[in-house]
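K.L.:
One structure, as structure tokens, below. Some questions next.
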Amino acid sequence: MKASFVRMFSLGRMLVFGACIAAGTLGPAGPASAADPRGVNANSGTVGIVSGGVEGTYVRIAADLASVLDDGDTLRVLPMLGKGSVQNLKDIVLLKGIDVGIVQSDVLAYAKRERLLPNLDRRIKYIAKLYNEELHILAGPDVARIEDLAGRKVNFDVQGSGTSMTASLVFDMLGIKVEPQASDQSLALEKLRKGEIAAMAYVAGKPTRLFRDLKAGEGLHFLSIPMSAALLDTYLPSRLTNADYDGLIKPDEQVDTVAVGAVMAVYGWEPDLERHRKVARFVDAFFSKFDEFLKPPRHPKWKEVNLAADVPGWTRFEPAEQWLRQASAAKEPQATAARKEEFRTFVEQRGVPPQQAEKLFEQFLLWQARSPQ
């Protein structure tokens, strides 16, 4: 307990200090240099990223971003703990020193519906869709099905979190009225063990560290979420297996659930501002070094990322859109050559004359260019 407290206290001090540096409210501990007395150069490449709670996937993704991209000179990445998707969205818009945040893909529609902030289409954009996060419903030993939670206490995480938003939507879609609680996830797990609540909801990329070491002997178990048309209009079907949580799920079992996309959101700075240029450098480094995120010891969720994937209802940040267009144009000659070689093999196997094959390939490229998909 003491070691855990010290770790959390130290982490909290580090993140508060990082936030102050990013916001410009703390200066360097000593004189920066005679040539740079106010540390202007030290702050010129700083990008602040708000993530999630200490047990979640967001904070590990943000830590990976800092490890891979931070060069200490032209780009300095400062991760910060956040309080979930809704609060992260507000922080990106309202707080100094925060340029980028990791949020759930459904948060923008939710914020517009609830009218949380004005002009969100102009102020919030995205760099890339990251990965999918699964909704975990962990219940006590006296709960067999998710329907059994009706009228009982279920923790939805702290107010403003992505879990709170998604859990409320999912339970509404299922028609199950519960008594929502608003404890942080670590405290909720202790309450669940003591029987003070019936279940807890947690949106996180599997396997989440909070549940990874739990054992079935404690009586805790995951609940399946029945699929419905309403759910599948908003969320993706997913499942939890023994490979994710071998202490809670048997090798021959699986738990049906839903998943929501995680998005790297960014404030829509005007192109002529320095903050825009700093984030543009971050985007270039992120895309250029993306292969580094696919190697150990980076989080396995990076392997799910498709940088070119669109996010419905969102607008991509202009430097990210430009980088992807240029990368696609650079690869087009090689891609065309590869397609042509495959096409040549195809027609040779079918005995098509070479002159006719060349014309057919040109017609194929023309058809492909005009195709809407």
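The values are calculated or read from the model by the stated rules, or taken from the named source; none is laboratory data. No experiment lies behind these values; they were computed from the predicted model shown. For neighbour counting, all protein chains shown are included, and Cβ atoms are generated from backbone atoms with ideal geometry for every residue, glycine included.
So that you can scan it fast, the table gives a plain yes or no per residue for (1) closer than 21 Å to Glu321 by Cα; (2) buried (at least 24 other Cβ atoms within 10 Å of the Cβ); (3) not aliphatic (A, V, I, L, M):
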| residue | (1), (2), (3) |
| --- | --- |
| Ile61 | no, yes, no |
| Ser67 | no, no, yes |
| Asp73 | no, no, yes |
| Lys90 | no, no, yes |
| Ala111 | no, no, no |
| Leu120 | yes, no, no |
| Ile127 | yes, no, no |
| Glu133 | no, yes, yes |
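K.L.:
Testing Lys301 on (1) farther than 20 Å from Pro79 by Cα; (2) in contact with a Gly (Cβ under 6 Å, 6 or more places away or on another chain), one condition comes back false. Which one is that?
P.N.:
Exception for Lys301: condition (1).
K.L.:
Working only within the range 194-224, note down all residues that are modelled with pLDDT of 95 or more and farther than 22 Å from Leu130 by Cβ.
P.N.:
Passing the criteria: Lys194, Gly195, Glu196, Ile197, Ala198, Ala199, Met200, Leu220, His221, Phe222, Leu223, Ser224.
K.L.:
Which one is surrounded by the most Cβ atoms within 10 Å (Cβ to Cβ), of the residues in the range 227-256 that are of a type in the set (S, T, N, Q) and within 20 Å of Val103 (Cβ to Cβ)? Full working, then the answer.
P.N.:
Within the range 227-256, the first condition is being of a type in the set (S, T, N, Q), and the residues that meet it are 228, 234, 238, 241-242, 254.
The next check asks that each one be within 20 Å of Val103 (Cβ to Cβ); those that pass are 234, 238.
Working: Thr234: 15, Ser238: 17.
Here the residue is Ser238.
K.L.:
Among the candidates Ser164, Ser186, which residue alone is surrounded by fewer than 15 Cβ atoms within 10 Å (Cβ to Cβ), among the polar types (S, T, N, Q), touching a helix residue (DSSP H, G or I) at 6+ places or on another chain (Cβ under 8 Å) and closer than 25 Å to Gln87 by Cβ?
P.N.:
Values: Ser164 fails: surrounded by fewer than 15 Cβ atoms within 10 Å (Cβ to Cβ).
Answer to the check: Ser186.
K.L.:
In the range 313-324, is there at least one residue being β-branched (Val, Ile, Thr), at pLDDT 75 or above and under 20 Å from Gly268 (Cβ atoms)? Show your work before the answer.
P.N.:
Here is the first cut: in the range 313-324, the ones β-branched (Val, Ile, Thr) are 315.
Going one step further and asking which of them are at pLDDT 75 or above, we end up with 315.
Pick out the ones that are also under 20 Å from Gly268 (Cβ atoms) and you get 315.
So far as the range 313-324 goes, yes, one or more of its residues are β-branched (Val, Ile, Thr), at pLDDT 75 or above and under 20 Å from Gly268 (Cβ atoms).
K.L.:
I would also like to ask the following. Run down Gly82, Gly101 and say which single residue is free of Cβ contacts under 8 Å to residues at least 40 places away in the same chain, closer than 25 Å to Pro207 by Cα and under 18 Å from the mean Cα position of the chain (by Cα). Explain how you work it out, then say what you get.
P.N.:
Values: Gly101 fails: free of Cβ contacts under 8 Å to residues at least 40 places away in the same chain.
Among Gly82, Gly101, only Gly82 is free of Cβ contacts under 8 Å to residues at least 40 places away in the same chain, closer than 25 Å to Pro207 by Cα and under 18 Å from the mean Cα position of the chain (by Cα).
K.L.:
Would a scan of the range 262-278 turn up a residue that is modelled with pLDDT of 95 or more, part of a loop (DSSP other than H, G, I, E, B) and not polar (S, T, N, Q)?
P.N.:
Checked against the condition, which is being modelled with pLDDT of 95 or more, part of a loop (DSSP other than H, G, I, E, B) and not polar (S, T, N, Q), the range 262-278 yields no hits at all.
K.L.:
Could you look through the range 131-152, keep only residues that are among the charged types (D, E, K, R) and in a strand (DSSP E or B), and pick out the one that is modelled with the highest pLDDT?
P.N.:
Only one residue tops the list, namely Glu134.
K.L.:
Further question on the same structure: Quick one: in the range 235-256, of everything that is polar (S, T, N, Q) and part of a strand (DSSP E or B), which residue is farthest from Leu174 (Cα to Cα)? Break it down into steps so the answer makes sense when it comes.
P.N.:
Residues of the range 235-256 that are polar (S, T, N, Q), as a first pass: 238, 241-242, 254.
Next, from what is left, pick out any that are part of a strand (DSSP E or B): 238, 241, 254.
Values: Ser238: 17, Thr241: 23, Gln254: 20 Å.
The extreme case among them is Thr241.
K.L.:
Turning to a different aspect of this structure: If the requirement is being modelled with pLDDT of 75 or more, under 19 Å from Tyr126 (Cα atoms) and in a loop (DSSP other than H, G, I, E, B), which of these qualifies: Gly52, Gly48?
P.N.:
Gly52
K.L.:
I need the full set of residues from the range 75-84 which are basic (Lys, Arg) and either modelled with pLDDT under 90 or surrounded by fewer than 21 Cβ atoms within 10 Å (Cβ to Cβ) (or both), in order please.
P.N.:
Looking only at the range 75-84, we keep the residues that are basic (Lys, Arg), and these are 76, 83.
Passing the criteria: only Lys83.
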